[in-house]
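The values are calculated or read from the model by the stated rules, or taken from the named source; none is laboratory data. Only a predicted model underlies this, so the values are computations on that prediction, with no experimental measurement involved. Positions of Cβ are backbone-derived with ideal geometry, glycine not excepted, and every protein chain shown enters the neighbour counts.
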Amino acid sequence: MNRTQPLVLGIESSCDETGVGIVRGTALLTDTVSSSMDEHVRFGGVIPEIASRAHLDAFVPTLHEALAEADVSLADIDAIAVTSGPGLAGALMVGVCAAKALAVATGKPLYAINHLVAHVGVGLLQPGTGTAAPSGATPPGTGAETLPENMGALLVSGGHTEILRIRSITDDVELLGSTIDDAAGEAYDKVARLLGLGYPGGPAIDKLARTGNAKAIRFPRGLTQPKYMGTAEEPGPHRYDWSFSGLKTAVARCVEQFEARGEDVPVADIAAAFQEAVVDVITAKAVLACRENGITEVLLGGGVAANSRLRQLTEQRCTAAGIRLTVPPLSLCTDNGAMVAALGAQLVMAGVEPSGIGFAPDSSMPVTTVSA
Amino acid sequence: MLILAIDTSAVASAALVSDETPESVLASFATEDTRTHAEVLAPGIDALLADAGVSGHDVDAIVTGVGPGPFTGLRSGIVTARTLAFVWNKPLYGVMSLDAIALEVAESTDSAAEFIVATDARRKEVYWARYTFSDAQLPHLADGPHVGFAADLPELPVYGAGAGMYSDVVKAVAEFSTRQPEALSLGQFALARLEAGEQLLDSTPLYLRESDAQVPGPRKRAL
Ligand SMILES: [Zn+2]
């Protein structure tokens, strides 16, 4: 196996995107994604069984397309990587079985990868690669690029909301805080439905919020009371955690009150105030976690990284706290196979042993398990 | 002709069948567990090929059971078969999974001329199909597959694990009362049909049930 510039194929199927990405070391060759998002629109959220059915039908065509785009054959691949968790159990199963079959058919080593850590792995891809046509030439760089020390990652999507500390992307990742109920993106979807704005909720609310007054209404910031926060010396039980279910209820109640009074519901103001509440609490707690844990570099990942207000406020608060912020290109923030391949390549370059083909997908895989 | 057959409609199983070996059996494995397909299937196939000294190059076709069966397990076999067929560039066929048991019934000494095969569909239901059979022929699928309550099955002898579970309401045939579809019989059935010049299915899963997703109704207004 080439351990300095390994050619790695990554497979992602933890939610509603079927992704196959290929990297050579830290150079992105292709990132092919097939999404079943359109099939979930009428349900207002991802339906696991529909996502699983779509993964089954999308996998081989997506693989075929990725190999063609990267202009590599399976024989050239050094290793295969697949998301084995966390994620939707039935959806993970499809990608994991496909990856194992690929390993059996080609005899290539297989790495079972943590989806959340893979979101951080995209930060190690060389900027600008993957956009130009792959030439087959060895990309610049000497292989294992290293992450900065004191690195953190803020992941915000429809499936997760986490702040991580990464001491080593291949073997030392720690979960500092996470949502205790809904993911932020899920809260956006639910509130968008309440406001009649359609699915996915993130872009719809973000757009409408620009025309609304965020200060017109004040919605609660979950888990910010002293009993949850404690102090830096004596942290409370949820100092760096989030909760969005109370916020969703508050929005519902607010809408009902306008209706009960027979008034027009100020949808734009509610959207703006809701967005402000989400973004405020996410960034406040993330920056607090960074400051108190000596984190000086943060990567923003996950689909909600597309949100204009989240980017703006994260940028602002990081700058104020002396933290350097990196936001990968949006196509790499959402779920994709390239991030899985990128982390797989890091594991190969670090000399980590492959996982074999006997592992089980784990829908609640902890971030401390970078690879199974 | 050498076929690699896979079925995960109930248990996880795979087999190598060939028209050049007695009874067409080369090698096979089947687990008893119906919930660990993702762990056991690939290692099982890997060992099956290695033990038989067979490489992907030697395989002429891949056959997958297309159900009916519990969805998550069913997909693990189908995606495995599709991926192997893609990488090895081999033809891929589907066979209705209940056919595997029907073939075993037809080859047994106590087959009726008309019978039902039933497997566990969970949620207190069975997957079932009706077959007709005359000597020295392959069983013929006359009706199905369907999903429904065992109590609603036609009044015929019922073979398979779906009969054993509901022997209080169906005419369960005792020797077959725990029988699950397995890749060995599935592969034999596929081989026999291909040799007879008959068509097989493609690898589209037979879910028989919708995804259970509910389109949310309009939100209740406060007034
Ligand atoms: Zn994700």
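Values as computed for the structure displayed
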{"quantity": "Pair list, Cβ < 8 Å and 6+ apart or interchain, from the stretch B:45-66 residues that are without any contact (Cβ under 8 Å) to a residue 24 or more places away in the chain and over 19 Å from B:Glu195 (Cβ atoms) to residues that are not in a loop (DSSP other than H, G, I, E, B) and not acidic (Asp, Glu)", "calculated": "B:Asp46/A:Val104; B:Ala47/B:Phe29; B:Ser55/B:Leu49"}
{"quantity": "Residues within the stretch A:276-291 that are over 13 Å from A:Phe244 (Cα atoms), of a type in the set (Gly, Ala, Ser), crowded, with 21+ Cβ neighbours inside 10 Å and more than 18 Å from the chain's Cα centre (by Cα), tallied", "calculated": "1"}
{"quantity": "Residue among A:Tyr188, A:Tyr228 that is farther than 21 Å from A:Gly152 by Cα, crowded, with 21+ Cβ neighbours inside 10 Å and among the hydroxyl-bearing types (Ser, Thr, Tyr)", "calculated": "A:Tyr188"}
{"quantity": "Among the residues listed as A:Ala204, A:Ala268, the single one being away from chain B (no Cβ under 14 Å) and in contact with a Ser or Thr (Cβ under 7 Å, 6 or more places away or on another chain)", "calculated": "A:Ala268"}
{"quantity": "Some residue of the stretch A:331-343 being away from the ligand (no atom under 16 Å from the Cβ) and either at pLDDT below 95 or part of a loop (DSSP other than H, G, I, E, B) (or both)", "calculated": "no"}
{"quantity": "Test for B:Asp143: is it acidic (Asp, Glu), farther than 14 Å from B:Leu98 by Cβ, loosely packed, with under 15 Cβ neighbours inside 10 Å and not assigned by TED's automatic domain parsing to the domain that holds B:Thr80", "calculated": "no"}
{"quantity": "Residues within the stretch B:67-110 that are outside any loop (DSSP other than H, G, I, E, B) and either more than 23 Å from B:Glu198 (Cα to Cα) or not charged (D, E, K, R) (or both), tallied", "calculated": "28"}
{"quantity": "In the stretch B:73-103, residue surrounded by the most Cβ atoms within 10 Å (Cβ to Cβ) [restricted to those that are closer than 18 Å to B:Trp128 by Cα and aliphatic (A, V, I, L, M)]", "calculated": "B:Leu98"}
{"quantity": "Test set (1) of a type in the set (A, V, I, L, M); (2) in contact with a strand residue (DSSP E or B) (Cβ under 9 Å, 6 or more places away or on another chain); (3) under 24 Å from A:Thr368 (Cα atoms); (4) within 16 Å of the ligand (Cβ to nearest atom) - A:Met37 fails condition number", "calculated": "(3)"}
{"quantity": "The stretch A:212-223 residues that are aromatic (Phe, Trp, Tyr), paired with ones that are surrounded by fewer than 18 Cβ atoms within 10 Å (Cβ to Cβ) and in a loop (DSSP other than H, G, I, E, B) (beta carbon under 7 Å, 6 or more apart)", "calculated": "none"}
{"quantity": "Enumeration of residues in the stretch B:130-146 that are under 17 Å from B:Leu200 (Cα atoms) and either assigned to a loop (DSSP other than H, G, I, E, B) or among the aliphatic types (A, V, I, L, M) (or both)", "calculated": "B:Gln137, B:Leu138, B:Pro139, B:Leu141, B:Ala142"}
{"quantity": "Test: residue in the stretch A:212-230 that is under 30 Å from A:Asn114 (Cα atoms) and in a strand (DSSP E or B)", "calculated": "no"}
{"quantity": "In the stretch B:18-51, residue farthest from A:Val104 (Cα to Cα) [restricted to those that are at pLDDT 90 or above and away from every other protein chain (no Cβ under 14 Å)]", "calculated": "B:Asp19"}
{"quantity": "The listed residue being part of a helix (DSSP H, G or I) and either under 19 Å from A:Leu74 (Cβ atoms) or not hydroxyl-bearing (Ser, Thr, Tyr) (or both), out of B:Ala50, B:Ala27, B:Ala14", "calculated": "B:Ala50"}
{"quantity": "Residue that is farthest from the ligand (Cβ to nearest atom), among those in the stretch A:298-330 that are over 25 Å from A:Gly87 (Cα atoms) and assigned to a loop (DSSP other than H, G, I, E, B)", "calculated": "A:Gly322"}
{"quantity": "The stretch B:57-72, subset crowded, with 24+ Cβ neighbours inside 10 Å and either at the interface with chain A (Cβ under 10 Å from one of its Cβ atoms) or among the small types (Gly, Ala, Ser) (or both), residue farthest from A:Ser52 (Cα to Cα)", "calculated": "B:Gly65"}
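Conditions tested, residue by residue: (1) more than 23 Å from the chain's Cα centre (by Cα); (2) within 13 Å of chain B (Cβ to nearest Cβ); (3) buried (at least 19 other Cβ atoms within 10 Å of the Cβ); (4) touching a residue at least 24 places away in the same chain (Cβ under 8 Å).
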| position | (1), (2), (3), (4) |
| --- | --- |
| A:Ile22 | no, no, yes, yes |
| A:Ile47 | no, yes, yes, no |
| A:Val72 | yes, no, yes, yes |
| A:Ala89 | no, yes, no, yes |
